[in-house]
Amino acid sequence: MITAIAIMALGAVVLGAALGYASIKFKVEGDPLVEKIEAILPQTQCGQCGYPGCRPYAEAINKGEADINLCPPGGAEGVQRLADLLGREVKPLDAEEKPKAIAFIDEQTCIGCTLCIQACPVDAIVGAAKQMHTIVPELCTGCELCVPPCPVECISMEPIGENLDNWKWKYPVIELKKVA
Amino acid sequence: MLQLFKFKGGVKPQTNKTQSVGEPIGVAPLPSRLFVPLHQSIGGTPRPLVAAGERVLKGQLIGGADGWISAAVHAPTSGTVRAVAEHVAAHPSGLTTLSVEIEPDGRDEWIERTPIDHGALAPERVRERLREAGVVGLGGAVFPTHGKLTASKTVPMEELVINGAECEPYITCDDLLMRERAEEIVRGVGVFRDLLQPKRVLIGIEDNKPEAVAALQAAAAKLGENFAVVAVPTRYPAGGAKQLIRVLTGKEVPSTKRSTDLGVQCFNVATAYTAWRAVAHGEPVVSRIVTLTGNVERPRNWEALLGTPLAEFVALGGPKPDTDGYLMGGPMMGFAMPTMDAPLVKATNCIIASSPALFPPKAPEMPCIRCGECAKVCPHELQPFELYWFARAKNFGKTQEYHIFDCIECGCCSFVCPSRIPLVQYFRFAKSEIWAREKEKNAADQAKARFEWKTAREEREKAEKAEKLAKAAAAQAAKKAAEAAAAAAGEAAPAPAAAEAATNVPAATNPPLDAEAAKKAAIAAALERARAQRAAVEPKNVDRLTPAQQKDIAEVDARRQQAGIEAPPTAPEESQP
Ligand code: SF4
Ligand code: SF4
Ligand code: SF4
Ligand code: SF4
């Protein structure tokens with residue numbers, strides 16, 4: 001009887017120590033759910049959700065402070081994926097969905113004030129004081145944050161249409177039999 | 001005799017090749033216009049080098065290769081550039097691509113051509129020549145050929161496989177090329193052999209082309225090359241690179257690897273031919289052999305200039321009245337050309353006129369009965385019915401688990417499916433969705449990284465600024481303390497007097513006080529600037545004023561003037577209603 005208790009106690013101590021060690025050694029940095037939420041957000045960093053970037057919005061969703069339908073760039077698909085991840089109900093997007101666009105600077109009008117550079121969250125604008133500025137289209141996320149600061153209104157958002165680089169095969173259309 | 005192997009799966013569709021082999025390769029007459037797309041191969045899009053109005057010669061560079069994996073584009077004939085503009089592409093989407101429109105002058109005048117002696121040149125120079133000449137894989141993949149001609153440093157090159165299988169129904173352009181221009185093909189293979197130094201060279205041709213086999217064997221013997229020209233069993237898709245490698249060498253190329261990892265490299269016969277023209281004649285790729293067949297009066301192979309509009313090309317064959325469309329490529333892997341303006345490009349091996357009799361419309365798709373026929377014929381041993389299930393449900397993660405990217409879109413599965421499910425269409429759909437998502441994901445990751453970087457930079461700048469300010473404040477305080485101490489200890493002139501004196505004392509005699517003065521001046525200047533700036537911007541609350549309010553303001557201003565007070569800056573003209 002005593003030996004049995006001793007063995008069980010020893011086992012408890014050993015396993016407890018192992019678990020304690022593992023919890024320190026394999027500690028997960030940060031909150032994994034926030035990371036997952038953030039991975040779904042489009043990283044446009046536009047602030048349209050009312051938070052200063054995608055990460056803060058992800059944190060707010062995680063804390064239950066924000067709804068899942070506030071990110072317009074993510075669109076209905078983004079809401080759907082968030083709903084799937086969090087097991088919440090799908091809601092219509094709390095804004096209208098816009099086709100993806102990127103910013104374009106009219107280089108004739110630009111006065112080189114650098115205001116747009118300061119506004120761009122992803123450093124997609126190149127230029128220097130009193131020099132003409134231009135946007136690197138591959139880096140622009142289309143957040144529109146550079147549009148209002150421009151004092152001469154030379155930045156416009158140009159929608160990206162379908163082209164040979166982003167064209168996709170369509171879902172095969174299933175022919176329906178004609179109703180006689 | 002070489003031992004042959006079998007690849008898994010495959011089908012035996014009707015070959016329909018005899019119609020178009022009756023006549024030799026014809027030279028297509030000059031079309032009235034040419035639309036040469038700049039992007040005709042895998043890799044970087046060539047930059048346009050000509051402008052509207054310029055005269056070009058045949059073979060003149062009109063699109064310079066951009067990056068190492070990219071191939072140059074040339075003027076197919078002499079004439080005048082009419083435009084460098086968007087034109088419909090030879091692509092199922094019907095979208096446009098940047099193209100050079102050339103009006104031929106009818107003289108077909110060549111630019112100066114400089115042949116090179118590839119044996120005497122460094123391999124890099126030969127690869128460079130192929131890149132400049134726009135030589136790409138003409139079997140359909142249009143991968144720039146020079147990019148495949150660097151021998152691996154780690155894996156010894158065992159076999160060079162030359163693909164003359166041409167397994168797809170209807171297409172006979174390689175067959176005719178092998179029959180008529182065997183010697184130049186063999187010489188082109190020689191160039192590849194010299195660059196790659198393989199142990200063996202194997203040329204595989206399906207056994208339904210005995211004339212081509214005989215011609216290549218004769219040419220190899222005549223030139224003293226010990227290339228093995230092998231007739232392989234006719235079975236679609238024997239011309240798939242992995243399938244032909246399997247049949248000729250027995251090597252199974254796993255999906256995670258490239259054939260070069262196993263010491264095998266593969267080229268099409270037409271590619272070898274154009275490579276030889278580029279090396280020995282200095283001719284860039286400006287034309288190719290295209291099979292024109294199907295529902296036409298005179299099916300035949302034509303050597304046609306790249307950029308020839310479809311309408312002018314098909315007129316050579318005399319399409320029958322019930323023709324309802326044109327396929328580019330074969331019936332298994334091809335696609336319908338979007339419009340009659342779409343041009344012939346380097347990837348165009350065949351144009352098939354279709355008619356309801358030739359390709360009857362498919363009866364509607366039925367549910368999958370999981371018969372497993374598709375899995376039996378899949379040359380890559382996939383499970384098409386599983387892939388179909390997941391692609392249909394848009395469960396893309398699962399399709400990847402079932403190796404959708406191993407699918408070569410050969411169409412065997414759709415061909416045998418008793419429920420007539422367009423399986424390949426589902427796979428193409430799933431693949432392009434996955435690609436698009438991957439691209440989006442990469443873009444998002446990049447944006448995130450750049451955003452974090454920018455935020456970190458701003459924080460750092462803020463911290464640095466604060467530190468600087470703190471330092472300056474500390475220095476100021478120290479100086480003040482020292483001054484006070486000096487004043488107290490020395491009992492010199494009272495402090496206010498010293499400050500007064502500071503402004504008049506020459507710099508050399510009293511440096512610390514002078515610095516103080518300079519700072520004061522700077523602050524005063526900054527204040528002045530700020531005031532000027534404030535004056536320049538319009539106050540927010542005075543735009544959109546009603547006339548009544550404006551009147552009030554004018555009255556106030558008038559009173560102020562009477563009292564001798566300066567009026568505040570008024571809003572600029574345009575903001576008044
Ligand atoms: S709206 Fe969407 S993309 Fe914009 S910052 Fe918020 S989460 Fe990011
Ligand atoms: S360039 Fe303008 S629209 Fe594009 S990411 Fe920067 S701020 Fe946003
Ligand atoms: S051949 Fe067609 S019906 Fe048979 S298992 Fe494959 S997809 Fe299903
Ligand atoms: S199309 Fe793809 S899945 Fe169908 S048989 Fe060919 S390789 Fe297999």
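The values are calculated or read from the model by the stated rules, or taken from the named source; none is laboratory data. As the structure is a computational prediction, the values presented were derived from the model and not from experiment. Positions of Cβ are backbone-derived with ideal geometry, glycine not excepted, and every protein chain shown enters the neighbour counts. Please note that ligands, DNA and RNA were not included when accessible areas were found on the heavy atoms of the full protein model with its side chains. Shrake-Rupley method; radii C 1.70, N 1.55, O 1.52, S 1.80 Å.
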Residues (out of contact with any Lys or Arg (no Cβ under 8 Å at 6 or more places or on another chain), open to solvent by less than 30 Å² (accessible area, probe 1.4 Å) and not in a strand (DSSP E or B)) located in the stretch B:61-93: B:Ala89, B:Ala90
Out of A:Ile105, A:Ile40, report the one residue that is within 15 Å of ligand 2 (Cβ to nearest atom) and either among the aliphatic types (A, V, I, L, M) or open to solvent by less than 60 Å² (accessible area, probe 1.4 Å) (or both). A:Ile105
Scan the stretch A:99-109 and tell me whether some residue there is in a loop (DSSP other than H, G, I, E, B), among the aliphatic types (A, V, I, L, M) and more than 16 Å from ligand 4 (Cβ to nearest atom). no
Within the stretch B:110-130, does at least one residue satisfy the condition of being in contact with an Asp or Glu (Cβ under 7 Å, 6 or more places away or on another chain), crowded, with 16+ Cβ neighbours inside 10 Å and either closer than 30 Å to B:Glu211 by Cβ or within 14 Å of chain A (Cβ to nearest Cβ) (or both)? yes
If you check B:Ala391 against the conditions, is it of a type in the set (A, V, I, L, M) and more than 16 Å from ligand 3 (Cβ to nearest atom)? no
Check the stretch B:20-43 and report whether any residue there is within 14 Å of chain A (Cβ to nearest Cβ), free of Cβ contacts under 8 Å to residues at least 60 places away in the same chain and in a loop (DSSP other than H, G, I, E, B). yes
Return the residue satisfying two criteria in turn: it lies in the stretch B:393-440 and is among the acidic types (Asp, Glu) and open to solvent by 70 Å² or more (accessible area, probe 1.4 Å), and of such residues it is nearest to ligand 1 (Cβ to nearest atom). B:Glu440
Considering every residue within the stretch B:371-381, establish whether at least one is at pLDDT 90 or above, more than 13 Å from chain A (Cβ to nearest Cβ) and closer than 30 Å to A:Glu35 by Cα. no
Among the residues of the stretch B:401-416, is any hydroxyl-bearing (Ser, Thr, Tyr), farther than 30 Å from A:Glu38 by Cα and touching a Pro at 6+ places or on another chain (Cβ under 7 Å)? yes
Is it the case that the stretch B:158-180 has a residue that's open to solvent by less than 40 Å² (accessible area, probe 1.4 Å) and over 30 Å from B:Lys17 (Cβ atoms)? no
Mind checking whether some residue in the stretch B:121-143 is free of Cβ contacts under 8 Å to residues at least 12 places away in the same chain and not in a loop (DSSP other than H, G, I, E, B)? yes
Within the stretch A:62-79, residues more than 12 Å from ligand 1 (Cβ to nearest atom) and within 11 Å of chain B (Cβ to nearest Cβ) come out as A:Glu77
By my count, helices (runs of 4 or more DSSP H) wholly in the stretch B:228-343 with at least 3 residues that are in contact (Cβ under 8 Å) with a residue 12 or more places away in the chain, under 26 Å from the mean Cα position of the chain (by Cα) and over 26 Å from B:Thr15 (Cα atoms) are B:269-280
Taking the stretch A:119-148 only, how many residues are within 14 Å of chain B (Cβ to nearest Cβ) and either open to solvent by less than 50 Å² (accessible area, probe 1.4 Å) or small (Gly, Ala, Ser) (or both)? 15
For B:Trp389, are the conditions met, namely being open to solvent by 40 Å² or more (accessible area, probe 1.4 Å), hydrophobic (A, V, I, L, M, F, W, C) and within 11 Å of chain A (Cβ to nearest Cβ)? no
Considering every residue within the stretch B:354-363, establish whether at least one is within 16 Å of ligand 3 (Cβ to nearest atom) and either within 14 Å of chain A (Cβ to nearest Cβ) or more than 23 Å from B:Cys167 (Cα to Cα) (or both). yes
Pairing a residue in the stretch A:70-82 that is within 10 Å of A:Ala95 (Cβ to Cβ) with any residue that is among the hydroxyl-bearing types (Ser, Thr, Tyr), where Cβ atoms lie under 6 Å and the two sit 6 or more apart in sequence or on different chains, gives A:Pro73/A:Thr44
Within the stretch B:332-378, residues open to solvent by less than 50 Å² (accessible area, probe 1.4 Å), within 16 Å of ligand 4 (Cβ to nearest atom) and under 17 Å from B:Gly140 (Cβ atoms) come out as B:Met332, B:Gly334, B:Phe335
Looking at A:Cys71, A:Cys116, A:Cys54, A:Cys49, can you tell me which residue is surrounded by 14 or more Cβ atoms within 10 Å (Cβ to Cβ), under 30 Å from A:Thr134 (Cβ atoms) and out of contact with any helix residue (DSSP H, G or I) (no Cβ under 8 Å at 6 or more places or on another chain)? A:Cys116
